[in-house]
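Inspection log for the structure reproduced underneath, given as structure tokens.
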Amino acid sequence: MTESVRITPGMKVLVRTAFDRWVLRIATTGIVAGHTFQIVWARRPEAAADDVTPWPSEDVRAISTKRDEIDGGWIAECIDLPGCMSQGETEEEAIENLADAIGGVDPDPRRLARR
């Protein structure tokens, strides 16, 4: 079940591409995530501040990452999909694993409609 989550500028987000892949971006505007059909402006982490792209909000998932103090490595969590989380030895690996997990619980509705 998707919850409404406030996305703030600078927050890490995963966005669904046209090829049904989830990629890391940094939000540059604040909105409420979820299926609200608003637009989120986001940029690649290494991109210039003005290199932003609009994304429909149903294709954006707010995430958080933190160090795993007990086992080492990193934990990545999808804030607006309760219980959807993953781990990795590096932050990047945890985010990649989280993208796979999100794809499993939040399939692209456009792809489902084509079946």
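Observations on the structure shown:
- Count - residues of the stretch 74-115 that are under 11 Å from the mean Cα position of the chain (by Cα), among the small types (Gly, Ala, Ser) and modelled with pLDDT under 90: 1
- Top-ranked residue of the stretch 20-66 - restricted to ones that are in a loop (DSSP other than H, G, I, E, B), in contact with a Phe, Trp or Tyr (Cβ under 7 Å, 6 or more places away or on another chain) and within 15 Å of Arg6 (Cβ to Cβ), ranked as modelled with the lowest pLDDT: Thr29
- In the stretch 87-114, the residues that are farther than 22 Å from Asp71 by Cβ and charged (D, E, K, R) form Cβ pairs under 9 Å with partners that are assigned to a helix (DSSP H, G or I) and modelled with pLDDT of 80 or more, at six or more places apart or across chains, as follows: Asp108/Asp59.
The values are calculated or read from the model by the stated rules, or taken from the named source; none is laboratory data. These numbers come from a predicted model, not from an experiment. Note: ideal-geometry Cβ built from the backbone for every residue, glycine included; neighbour counts use all protein chains shown.
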